[in-house]
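See below for the structure under consideration.
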Amino acid sequence: MAEGQTLPAFRPLPQKTPDVSMTRKDGTFYISANQAPGDRPKTVPHCLDERAAQHPERPFLRERDPKTDEWVTLTYGEAKTITDSLAQAFLDLGAGPDAPVMLLSGNSIRAAMVILAAQKIGAPAAPISVPYSTMSSDFDKLKHCFNTVKPAVVFAEQLAPFKKAIAALPAGAFKIVSAAPEGDNAVISYDALCATTPTPAVAAAMAKLNDASIAKYLFTSGSTGMPKPVPTTQGAMCSMIGGQEGLKDTSRDPEHDPDRVDSFLDWLPWNHISGSNVNFNGALWNGSTFWIDGGKPTPALFHETIRNIREASPSVFGTAPIALSMLAEAMEQDDSLLKAFFKNMRSIGYGGATLSDDLYDRLQALSIKATGRRIPIVTMYGATETQGITVVHWEVERVGLIGLPLPGTTLKLVPNGEKLEVRVKGPTVMPGYLGDPKKNAEVFDEEGFYCLGDAVKFVDETDPNKGLIFDGRVGEDFKLSSGTWVSVGTLRPDFVAACSPLIFDAVICGQDKDFATALVWPSPATAEQYIKAAGDPAKGFAALVGDLTRKAAAFNASEQGSSRRIKRLMVMTEAPSIDAGEITDKGYVNQRLVISRRANLVQALYAEPLAPGVIAL
């Protein structure tokens, strides 16, 4: 937009405006929403049955058939029928509240049915990160997860990719279920289980469900040791839905249509809260259609997401910033994709990492080009242990905000050095890690607040309704040798934005060093363009590095102080490793783990004389 030109209005966002109460005691802030939680289901399985009764023929789930490449649709009515049959079958196989159902394979219609069916009989579903089974050589993380929850049933949709992983688990300790049993008599056919006739035992099990019932065991990323098992209760999931409902205000949307059926397109894995408890459960609660995206934000798979956007034209899209960056690059080059994406889009959501100012501006420019209006870009902040706890539920002109507490949740902001550390209490918070009383004593404070290890700051301390800004992980910040603190949570996204679209992420280094440095990953799509333009990989890479050097130098020139300047950088050619934990399967880079795993590169950044591949700025 030209300087001084008025920006177009936002598309209406049917949410209540901020309204919180804040008290302060001995320097600690307590913040809670004044709005009351809204309607919520008794449990997620009850929600499925209610939606099936209300609109049995409405499409619930869609996915591509790998054989025909056509979309397969499952209605709400069909989902109820299948989950009732599977629930009975799981009871017959010994599953129940103390005998979970573990899932090794990823998102699919069958996986959704397994998760919901297990919940119907109170058997916790335990979806496991797929790389633990398919990209590991020792299967240590998988074995740890298995031994922690001791499942009665293990589901792998396609058996072949998981045979080695299953063989690493205790023989005879569980039943194996697969949609492709490959003639193995030890493997039970998923389709056969779907033909099971339900008995009154299923309804009796559902009648026992309450807020304390364990719905899932979700495991943390394992970035600081083995993944920790988080009991996710029905009350936690449904209270999050109630908190979101408490913020709805359809009167603020002149385009509101009570008969409209929203559609989600989502790839986020169901072993994380964003994909499973926010997006999937949210779609179910709202009676929406959920398109399962087989793509991912990787050079090899993102084309599938683009293809699916063209066909689905979703109305709701929530994902990780890395995926939004790749999508923006694609839409900037393809007007037909731009038109398909914004055709029905009502809001864009992100989570798991900070969105840069540059990406926010690019997305708004694309929205204006496609619709003549800006698009609300919102975020929810939370953790595996807490579900979603804050949300941006109003139109914002900037990024970095994590919003304000959901109704029913209380935030506690405790001074920690120069920062405010985030703690939370409410019905969405876990009761405690499974079987780990020592760790539970560490993560809950004396008032029962869960300590997230993150930091925030106020947009305006005198007016908390303006929201909170993410201020990094308390443990990721470090001091230079001068004693100056480097705030990684703010420097990293700002530096990435300044170098956009040449890089997709960076890791900031410099603990006890004289200056800050960065390891950066080039954007695959942009790198491909440089190579194509140069007609030679080496020349293309050199041209990208040259432009990156100029952008990084310009960033330094605009900053004051050593804590905000990057003195050296290196462009990495090895992508972040999911198996090693450098990046989660939803696209969040683990700063500390990358520095530890690539210690030789960090050492090279500080070598004298300048090491090969290191760029001095």
Could you tell me the calculated FRET efficiency between Glu461 and Ile368, based on Cβ-Cβ distance and R0 = 56 angstrom, to the nearest 0.05? 0.95
Given a Förster distance of 35 angstrom, what is the FRET efficiency for Trp71 paired with Lys42, based on the Cβ-Cβ distance and rounded to 0.05? 0.65
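What number comes out for the charge environment of Ser313, summing +1 per Lys or Arg and -1 per Asp or Glu over other residues with Cβ under 10 Å away?
Working: positive: Arg310, Lys339, Lys343; negative: Glu311.
Result for the neighbourhood of Ser313: +2.
With +1 on the Cβ of every Lys and Arg and -1 on the Cβ of every Asp and Glu, and nothing else charged, how large is the dipole of the range 73-209 about its Cα centre, in debye rounded to the nearest 20?
Values: 10 positive and 10 negative charges, 54 e Å.
In total the dipole reaches around 260 debye.
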If I take the Cα coordinates of the range 478-616 and project them onto the principal axes, what are the three extents in Å, biggest first? 47, 36, 28
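As a test, work out the antiparallel percent of DSSP beta bridges whose residues both lie in the chain, rounded to the nearest 5. Could you put the intermediate results ahead of the total?
Numbers: 58 of 92 bridges.
Looking only at bridges with both residues in the chain, the antiparallel portion is about 65 percent.
How high is the relative contact order of the range 187-238, in percent, with contacts defined as C-alpha pairs under 8 Å that are six or more residues apart?
30
Where the only charges are on Cβ atoms (+1 Lys, Arg; -1 Asp, Glu), what is the dipole of the chain about its Cα centre, to the nearest 20 debye? Provide the component values of the computation, followed by the final result.
Details: 61 positive and 70 negative charges, 93 e Å.
The dipole of the chain has a size of about 440 debye.
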The helix 357-371 Cα axis meets the longest alpha-carbon principal axis of the chain at an angle in degrees, between 0 and 90 and rounded to 10, of 70
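Quick one: net charge of Ile121's neighbours, Cβ under 13 Å, K/R +1, D/E -1? List each step's numbers first, then the result.
On the way: positive: Lys120, Lys208; negative: Asp84, Asp92, Asp98.
Surrounding charge for Ile121 is -1.
Considering only Cα-Cα distances, which of the following residue pairs are longer than 19 Å: Lys42/Lys228; Lys296/Lys343; Lys228/Lys438; Lys208/Lys425; Lys479/Lys567; Lys150/Lys228? It would help to have the intermediate numbers written out before the result.
Values: Lys42/Lys228 27 Å; Lys296/Lys343 22 Å; Lys228/Lys438 12 Å; Lys208/Lys425 26 Å; Lys479/Lys567 15 Å; Lys150/Lys228 14 Å.
Exceeds cut-off: Lys42/Lys228; Lys296/Lys343; Lys208/Lys425.
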Putting +1 on Lys and Arg Cβ atoms and -1 on Asp and Glu Cβ atoms, find which of Gln35, Ile82, Val230 reaches farthest to the positive end of the dipole of the chain. Val230
How much FRET efficiency would the formula 1/(1 + (r/R0)^6) give for Asn34 and Asn416, where r is the Cβ-Cβ distance and R0 is 30 Å, rounded to 0.05? 0.65
If I fit a long axis through the Cα atoms of helix 76-92 and take the longest principal axis of the Cα atoms of the chain, what angle between them do I get, 0 to 90°, rounded to 10? 70
Considering only C-alpha atoms, what is the centroid distance from the range 515-532 to the range 225-252, in Å? 37
Quick one: angle between helix 44-54 and the longest Cα principal axis of the chain, in degrees between 0 and 90, rounded to 10, please. 70
Nearest 5 is fine: what % of DSSP beta bridges in the range 73-209 come out antiparallel, could you say? 5
Can you tell me, using C-alpha contacts under 8 Å and at least 6 residues apart, the relative contact order of the chain as a whole percent? 13
Would you work out the relative contact order for the range 73-209, in percent, from Cα pairs under 8 angstrom that are 6 or more residues apart? 29
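Every number in this text was worked out from the coordinates using simple rules, so none of it is lab data. Treat the numbers as computed from the prediction; the structure is a model and nothing was measured. Cβ coordinates were reconstructed from backbone atoms using ideal geometry, including for glycine residues, and neighbour counts include every protein chain displayed.
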